[in-house]
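**Q** Pasting in a structure now, in structure tokens, and then I'll have a few things to ask.
The values are calculated or read from the model by the stated rules, or taken from the named source; none is laboratory data. Since we're looking at a predicted model, the values are computed, not measured. Cβ placement follows ideal geometry from the backbone for every residue including glycine, while neighbour counts extend to all protein chains displayed. SASA here: full protein model, heavy atoms, side chains in, ligands and nucleic acids out. Shrake-Rupley method; radii C 1.70, N 1.55, O 1.52, S 1.80 Å.
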Amino acid sequence: QVQLVESGGGLVQTGGSLRLSCAASTRAFSTYDMGWFRQSTGKERDIVAAISWSGGSTYYADSVKGRFTISRDNAKNTVYLQMNSLKPEDTAVYYCAARSRPRSVVVTSYDYWGQGTQVTVSS
């Protein structure tokens, strides 16, 4: 069982930045695909960004392209989501996800989930 712990959420003004982190408990982190999802009140959970186990492939939802960057540090078992130029519509609970079997970054099926971290962007 893999545990994922997100951190870095908070309250920020429109146009501000936040960096989310997700620490994974597995020693095999470097073989896991990782993703970030978000869910706002009354809406389904949607993928925001994904990164392959090697870091060589990434995916971004159209709504965040050019503003968010996903990255990973396999030595620290951590994946990051740098969020710039934040907008009120980015307000949501952000979840980290992992899967042990590598697949295309556009595939949104994941095996393990974190507890989520709240991001609130004020206008």
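**Q** Just to confirm, what accessible area per residue do you get for the chain at 1.4 Å probe, in whole Å²?
**A** On the way: 6310 Å² over 123 residues.
That works out to 51 Å² per residue.
**Q** Express the relative contact order of the chain as a whole percentage, based on alpha carbon pairs under 8 Å and six or more residues apart in sequence. Spell out each step's value before the answer.
**A** On the way: 311 pairs, mean separation 44.2, N = 123.
It rounds to 36 percent for the chain.
**Q** Can I ask one more? Counting only protein heavy atoms and using a 1.4 Å probe, what share of the accessible area of the chain belongs to carbon plus sulfur, as a whole percent?
**A** Numbers: 2810 of 6310 Å².
Here it works out to 45 percent.
**Q** At what distance in angstrom do the alpha carbon centres of the range 89-123 and the range 1-52 lie from each other?
**A** Here the two parts' Cα centres lie 5 Å apart.
**Q** For Phe68, tell me the accessible area in Å² from a 1.4 Å probe, rounded to the nearest 10.
**A** The accessible area of Phe68 comes to roughly 10 Å².
**Q** Summing Lys, Arg as +1 and Asp, Glu as -1, what charge do residues with Cβ under 15 Å from the Cβ of Val119 carry, Val119 excluded? Spell out each step's value before the answer.
**A** Details: positive: Arg19, Arg38, Lys43, Arg45, Arg67, Lys87; negative: Glu6, Asp46, Glu89, Asp90.
Result for the local shell: +2.
**Q** Near the amide H of Val48, under 5 Å away, which other amide H atoms are found, from residues 5 or more places off or on another chain, if H is placed in the peptide plane?
**A** Trp36, Phe37, Arg38
**Q** By average Cβ neighbour count within 10 Å, what is the ranking of 105-113, 71-79, 92-100 from highest down? Provide the component values of the computation, followed by the final result.
**A** On the way: 105-113: 15.1, 71-79: 17.0, 92-100: 21.6.
Order by mean packing, descending: 92-100, 71-79, 105-113.
**Q** Sort the chain into rounded, prolate or oblate with this rule: let a ≥ b ≥ c be the square roots of the eigenvalues of the Cα gyration tensor; rounded if a/c is under 1.5, and if a/c is not under 1.5, prolate when a/b is larger than b/c, oblate otherwise. Numbers along the way, then the final one.
**A** Details: a/c = 1.71, a/b = 1.64, b/c = 1.04.
Prolate.
**Q** Another one. Report the net charge of residues surrounding Ser40, where surrounding means a beta-carbon distance below 14 angstrom and charges are Lys +1, Arg +1, Asp -1, Glu -1. Intermediate results must be reported in sequence, preceding the final value.
**A** Working: positive: Arg38, Lys43, Arg45, Lys87; negative: Glu44, Asp46, Glu89, Asp90.
That sum, taken over residues with Cβ under 14 Å, equals 0.
**Q** With θ set to phi - 60°, apply the Karplus curve 6.51 cos²θ - 1.76 cosθ + 1.60 along the range 62-77 and write out the HN-Hα couplings as whole Hz, x wherever there is a Gly or Pro.
**A** 4, 5, 10, 4, x, 10, 10, 9, 9, 8, 9, 10, 5, 5, 9, 6
**Q** A further question follows. Around Leu20, what is the net charge, scoring Lys/Arg as +1 and Asp/Glu as -1 over all other residues with Cβ under 12 Å from its Cβ? Don't skip to the end; give the middle numbers.
**A** Details: positive: Arg19, Arg38; negative: Glu6, Asp90.
So the environment of Leu20 carries a net charge of 0.
**Q** OK, next. Does the range 1-68 come out rounded, prolate or oblate, given a ≥ b ≥ c as the square roots of the eigenvalues of its C-alpha gyration tensor, rounded meaning a/c under 1.5 and, failing that, prolate meaning a/b above b/c?
**A** Numbers: a/c = 1.73, a/b = 1.47, b/c = 1.18.
Prolate, since a/c reaches 1.5 and a/b exceeds b/c.
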